[in-house]
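No value in this document is a laboratory result; all are computed from the given coordinates. Bear in mind that the values here come from a model prediction, so they are computed numbers and not experimental data. Note that each Cβ is placed from the backbone with ideal geometry, even for glycine, and that neighbours are counted across all protein chains shown.
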Amino acid sequence: MKHKFAAQLFTVRDLLKDDFPGVLRELKEMGWSGVQISGLFGYSKEEIAAVLQETGLKAAGVHVGIDRLREDLQAVVEEAEVFNTKDIVCPYVPDELRTVEGYQAIKRDLNEIANKLEGDGYRISYHNHDFEFETIINGTPALEYMLDPDEENQVFAEIDTYWVKKAGYDPLNFIQKYSYRMPIIHLKDMTLDDNQTFAEVGTGSIDFKPILTWGEENGVEWYAVEQDECPGDPMDSLQISLDNLNGMVEKRTTKTN
């Protein structure tokens, strides 16, 4: 399972502006198998792809905003191709689209994009926050409407464990409906205090061991760790998360044997 752990690069966004290649090399040395890309920060796709190839890091999908997916799809596909990934993820909905009509339009557009790219093997996913639970469509939260596990809906899930818990749901229970419809899951922990802010994986209130077990039995291909805000150096936070995840895997392997 360790070969499925990826660092979501939004965690280290400020560092990427100064030395994207250097950060990638350090993440590889840290022990990460992959990274999830959220922007190029002034570098070319060829430059970043070259460092991925040099280090052996895999691209665990790319995060691309809905406007760019709608207006510049060919360039997005070219980036995914050079990064050797088939996973394109819409990570966010701007404020003005957080309406019934807005979510309906996004679901329709993502399905159209998925249909267009299906022949080339691409998968389109949506990454959640907590605000998608606030809008109700046909009696269900907008997130569940968009990710409806119906065979006609081609939008895959990229569930973020922190934001599901922030919305008042149990992450393990919530992901059950997305068996083999969630190639990538976001592992993000929540602090144990009343602030309920972001925490390193394994230090907070979410029990990730059963989530990892479920993922291995239900088609998860990448476990992407993201921490929106870190108390200090974000590289230190990623090291803590990876160490804790590796420890969970080792305990799981010991029990299995």
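Listed values, structure above:
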item: Gap separating the Cα centres of the range 1-17 and the range 108-178, nearest whole Å; result: 22 Å
item: The range 2-252 - percent relative contact order, Cα under 8 Å, separation 6 or more; result: 18 percent
item: Dipole in debye (nearest 20) - the range 2-252, about Cα centre, beta carbon charges: Lys, Arg +1; Asp, Glu -1; result: 600 debye
item: Ranked list, fewest to most other Cβ atoms within 10 Å of each Cβ, for Ile136, Ile113; result: Ile136, Ile113
item: Most mobile of Gln196, Gln36, Gln227 in a GNM of the chain (Cα contacts under 10 Å); result: Gln196
item: Three-way shape call for the range 95-241 based on the alpha-carbon gyration tensor, with the a/c threshold at 1.5; result: prolate
item: Candidates Asp150, Asp207, Asp130: whichever shows maximal mean-square fluctuation once the chain is modelled as a Gaussian network with Cα springs under 10 Å; result: Asp150
item: Relative contact order (percent, whole number), the range 144-187, Cα cutoff 8 Å, 6+ residue spacing; result: 47 percent
item: Top of Arg13, Arg123, Arg68 by mean-square fluctuation, Gaussian network on the chain, Cα under 10 Å; result: Arg68
item: Selection of chymotrypsin sites (Phe, Trp or Tyr not before Pro), the range 101-200, meeting DSSP coil and at most 13 other Cβ within 10 Å; result: Tyr180
item: Fraction of antiparallel bridges per DSSP, the range 2-252 only, in percent to nearest 5; result: 15 percent
item: Residue pairs, from the table Lys86/Lys177; Lys165/Lys251; Lys188/Lys251; Lys2/Lys251, whose Cα atoms sit over 18 Å apart; result: Lys86/Lys177; Lys165/Lys251; Lys188/Lys251
item: Which of Leu117, Phe208, Val225, positive extreme of dipole for the range 2-252 (C-beta unit charges); result: Phe208
item: GluC sites (Glu not before Pro) restricted to the range 207-257 and DSSP loop, no more than 10 other C-beta within 10 Å; result: Glu229
